[in-house]
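One structure is given below, encoded as structure tokens.
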Amino acid sequence: MFSSKYAIFKDGGYNVEGLTYWLEDGSKHTKLLDYAEKDLSPLPGLLHELFSKKLDMETLDLNDGYEFTTGDLLALRKLIESLHRFYEGNLDVIQWTMADYLGYLYTKAEVAVRLHKKSLTAGDSANTWLDEVDKWFRVRLDALFDFPYPADLNVYETFDGIEEKISFEVDKNLYARFRLKSDRNAKPELYLREIGLQETVRRILFWTMDVDAPGLNRLTAALRAKIYSHRFEDTAIQDSANVKKFLSIGAFSEKDDFGDCLNSVHLNTAHCYPGPMSNEAEEALRKVAEAAKGASAEGYSDVYEIEDLRQLLYLELQQMINADILIKRCRNCKKYFVAPGTGVKVEYCDRVAPGETKKTCKDVGAARTEKNKKAANKLYAIFRSEYHTRFGRARRRVRLDGSKAKDDPKLQAWEKKARKMYDEEIEKENPMTEDEFRELLKGL
Ligand SMILES: [Zn+2]
């Protein structure tokens, strides 16, 4: 079911080969950061709607005679494909999401418990009920997917007693884990691995890269990653992914004439056969070395064979952590973006701003800063004028100790509160009107 896909990491980004479409992302990690923001909350509802066409959702009995149409799957596919370009046209993810949901229904309805009880009552031999579980699952998977599944749905991991977990593996792709323990309060989110994956990615981003993560943001990325692993040790094993890494150093493609020179004329050198190296060969090598220095670094990239999005995301996260990347939330759309290096203050991202067709958050942010500046000037003028009024009053007050009017405690107390209010107000997206501000200042 899987075809080989290769993720090639280079220059802070990557591209994936082996897909039917072009997939790449640069050093802004837009696809990953957008993925983390996607809303997966409609997923359980969509699956419920889909399953209810083929299953009685109370008894989980099959409603034979209904065949899914492409239209039935459309909403589910749309949601999944909107997550990440990797999922474009990817039917595997649709299948395992459906299998996960079946696992959820199975647990919630306590199917295993029911079958176990039935088997005990009938006096079946010890593991007959497991065959029944196997059958229950297979029949429904067959019915839910359009194409036949391998018949060897195995209970490959069983533990003692009904309290433990068992797992099924239909094929490498359709792996599901179900609790035998009765769990009527099971939440679908716990079973849907796509939701779990997104949660993990969000968590890793926050713990290792978010510049605003309290208590963590002054630490190095490497240290933050360590703390993350320590904190989430229990889940870290589930979160690990196996990938195959290729060690490769590519040849440079520029100035082939040097290469030819080496290959054809000076093949018979000390590098190929024992013997003295000719002057010509040495000269050719020197030229090639010169050319190599100036050639592009093509080939010096990390190449991994991957199967699914999870691997791609984890690899990307790893590269980001190693590169000390920091991320922050955009002040306009509240989504993550890669923060520029220290000392550069950027508050808005490059995405098209919500509710806009062309304007980016940066554009919106710039306009807002301008607007705020104007608003700030106006509010400041009101502050000054109110201060003057109060200063005049302070001057008229009789001070026996000979202190100055500006040190008047009443005036100072007011000024402190008024400045705080002003500072807070000009930071706001929509500061209050001048009249409102004036009223509040007077009332302080
Ligand atoms: Zn934004």
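Laboratory data are not the source of any read-out in this text; all were calculated from the coordinates shown. It should be emphasised that the depicted structure is a prediction, and the values quoted were computed from it without experimental measurement. Note that we place each Cβ from the backbone using ideal geometry, even for glycine, and neighbour counts take in every protein chain shown.
Each 10 Å bin from zero up to the one holding the largest Cα-Cα distance in segment 300-444 carries the following percent of pairs: 9, 24, 21, 18, 12, 9, 5, 2, 0. For segment 421-436, list residues with backbone N below 12 Å from a point placed 7 Å from the Cα of Glu347 toward its Cβ? In segment 421-436, the label zone of Glu347 (backbone N under 12 Å from the point 7 Å along Cα→Cβ) covers 424-431.
Sorted by mean Cβ packing within 10 Å, highest first, what order do the peptides 55-62, 84-91, 21-28, 281-288 take? Mind dumping the intermediate values first?
Numbers: 55-62: 12.6, 84-91: 17.6, 21-28: 14.1, 281-288: 15.8.
The peptides rank, most packed first, as 84-91, 281-288, 21-28, 55-62.
Distance between the pseudo-spin-label points of Val243 and Arg395 (7 Å out from Cα toward the beta carbon): 7.2 nm. If you stretched the chain out fully between His230 and Lys358, how much longer would it get, using 0.36 nm times the residue separation minus the C-alpha to C-alpha distance? Result: 41.8 nm gained on full extension. Candidates Ser385, Met432, Ala367 compared by Cα position along the dipole of segment 361-443: farthest toward the positive end lies Ser385, with charges placed on Cβ. To the nearest µm²/s, what D does Stokes-Einstein give for segment 1-99 at 10 °C and 1.306 mPa s, using the Kirkwood radius over alpha carbon pairs as Rh? In µm²/s, the coefficient is 101. Rg over Rh for segment 280-341 works out to 1.27, both radii taken from alpha-carbon positions and Rh defined as the Kirkwood radius. Each peptide in 191-204, 98-111, 314-327 receives the mean, over its residues, of other Cβ atoms within 10 Å, and ordering these scores from highest gives 98-111, 191-204, 314-327. Spin-label model, Lys38 to Leu190: label points 7 Å out along the Cα-to-beta-carbon direction sit 2.5 nm apart.
Of all lysines in the structure, those lying under 21 Å Cα to Cα from Lys117, and not within fewer than 8 positions of it along the same chain, are Lys108, Lys135, Lys165, Lys181.
If R₀ is 25 angstrom, what is the calculated FRET efficiency for the pair Leu91 and Asp61, using the beta carbon separation as r and rounding to 0.05?
Details: r = 26 Å, r/R0 = 1.05.
Computed FRET efficiency for Leu91 and Asp61 comes out at 0.45.
A simple spin-label model places the labels of Lys410 and Thr20 8.1 nm from each other, with each point 7 Å out along Cα-to-Cβ. Divide the volume of the convex hull around the Cα atoms of segment 361-443 by the residue count and you get 82 Å³ per residue.
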